[in-house]
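In what follows, a single structure is set out as structure tokens and then discussed.
The values are calculated or read from the model by the stated rules, or taken from the named source; none is laboratory data. It should be emphasised that the depicted structure is a prediction, and the values quoted were computed from it without experimental measurement. Glycine also receives a Cβ, built like all others from the backbone with ideal geometry; neighbour counts cover every protein chain displayed.
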Amino acid sequence: DTDIAVTAATYGGANLTWLLDGLVGAGHARDLLMTSRSVLGVEAYRIGLLGRYAEDGDVAGEAVRLAVELAAQPPRALRQIKSLLTEGSGHDRRSRYERENAISRSELRPGPISALFASFFDARASR
């Protein structure tokens, strides 16, 4: 099993303080940053440090499953989601919401919303 540690405190440094609490919460961030303790993959997944965990150790298989899931999504939507997440960092929730809403109404939904949901339900029915 893989283990992960944030080790800057062990050599008198600090890193990931700007990001880690947003991923794992303030308590876990303090624990990991101040103790530099290692966490096994299963704990890292449980606290939110990892988005996926290959319990049986099949990392390559899990990567392929993720790639297949992503490839099944509309590319334009994924590009906009990535942009919204990347460019939204550091902005307040209201401005992030307004930007998402503007993109959803202009670039992601060029036609009527009924057509958007019809294709969504058609895709779900074909699974």
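Checking each residue in region 66-78 for being surrounded by 12 or more Cβ atoms within 10 Å (Cβ to Cβ) and either over 14 Å from the mean Cα position of the chain (by Cα) or among the hydroxyl-bearing types (Ser, Thr, Tyr) (or both) picks out only Ala77. Among the conditions (1) over 16 Å from the mean Cα position of the chain (by Cα); (2) at pLDDT 95 or above, Ile47 misses just one, which is (1).
Among all residues of region 49-61, there is at least one that is in a helix (DSSP H, G or I), under 30 Å from Asp122 (Cα atoms) and not basic (Lys, Arg).
Looking at Arg105, is it within 28 Å of Trp18 (Cβ to Cβ) and not assigned by TED's automatic domain parsing to the domain that holds Leu23? Judged against the criteria, Arg105 is not a match. Against the criterion of being surrounded by 14 or more Cβ atoms within 10 Å (Cβ to Cβ) and among the hydrophobic types (A, V, I, L, M, F, W, C), Leu85 does not qualify. Which of the residues that make up region 1-48 are loosely packed, with under 14 Cβ neighbours inside 10 Å and assigned to a helix (DSSP H, G or I)? Correct list: Thr10, Tyr11, Gly22, Ala26, Gly27, Met34, Thr35, Val42.
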